Amino acid sequence: VLSFIIFICYIASLASSFMMAPLLEFLLALFLFFAYTFKLKEKFKGLYWPLSDFLRCVTAAIIYFAISIAAVSRYSDGASKAGGVFGFIATIVYAIDFYITFNELVTFLKQGSSESPEEHKSE
């Protein structure tokens with residue numbers, strides 16, 4: 001939802017060149033949401049889903065931070081400033097998600113098994 005709000009802010013602003021990053025992140029988050037909802041992770045066992053979520057969070061945090069700085073510093077209209085502020089909020093949200101997912105990955109790698117971290121939590 002936050003990515004979609006940022007996308008709308010950048011469309012309405014002078015910083016419309018930044019609209020592609022929030023749109024792609026929104027679509028990727030939507031895809032992962034439906035992948036988890038429809039249990040695609042059971043069907044595609046070769047892909048470690050928390051790792052893909054981890055990589056998405058890392059890249060999203062870096063990209064949102066960079067375009068937020070550019071939008072706030074270069075453009076003076078309100079929509080660009082709002083998109084930049086929401087971008088900084090998204091950076092914090094993705095950094096928190098990055099931290100949580102990183103801890104799950106470390107737990108998984110320390111256990112050294114092929115089971116996912118969610119399965120180890122239930123044991």
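Side notes on the structure shown:
- For the stretch 26-111, the helices (runs of 4 or more DSSP H) that sit wholly inside it and include 2 or more residues that are β-branched (Val, Ile, Thr) are 49-74, 78-111.
- The C-beta contact set for the stretch 81-101 (first residue in contact (Cβ under 8 Å) with a residue 24 or more places away in the chain and under 9 Å from residue 60 (Cβ atoms), second residue β-branched (Val, Ile, Thr) and part of a helix (DSSP H, G or I), distance under 6 angstrom, 6+ apart or interchain) comprises 98/58.
- If the condition is being free of Cβ contacts under 8 Å to residues at least 60 places away in the same chain and more than 16 Å from residue 59 (Cβ to Cβ), then the stretch 12-29 contributes 16, 17, 19.
- Long-range neighbours under 7 Å by Cβ, at least six apart or interchain, first residue farther than 11 Å from residue 102 by Cα and of a type in the set (D, E, K, R) within the stretch 41-63, second outside any loop (DSSP other than H, G, I, E, B) and open to solvent by 70 Å² or more (accessible area, probe 1.4 Å): 56/28
- Selected residue (only one of 12, 90, 61, 21 is surrounded by fewer than 17 Cβ atoms within 10 Å (Cβ to Cβ) and not aromatic (Phe, Trp, Tyr)): 12
- Subset of the stretch 24-40 that is under 21 Å from residue 99 (Cα atoms) and in contact with a Lys or Arg (Cβ under 9 Å, 6 or more places away or on another chain) - its residue that is most open to solvent (accessible area, probe 1.4 Å): 28
- Number of positions in the stretch 64-84 that are of a type outside the set (D, E, K, R), open to solvent by 80 Å² or more (accessible area, probe 1.4 Å) and in contact with a Ser or Thr (Cβ under 9 Å, 6 or more places away or on another chain): 1
The values are calculated or read from the model by the stated rules, or taken from the named source; none is laboratory data. Just so it is clear, the structure is predicted and the values come from calculations on it, not from any experiment. All Cβ positions, even for glycine, are placed from backbone atoms using ideal geometry, and neighbour counts span all protein chains on display. Just so you know, the surface numbers come from the protein's heavy atoms only, side chains and all, with ligands and any DNA or RNA stripped out. Shrake-Rupley method; radii C 1.70, N 1.55, O 1.52, S 1.80 Å.
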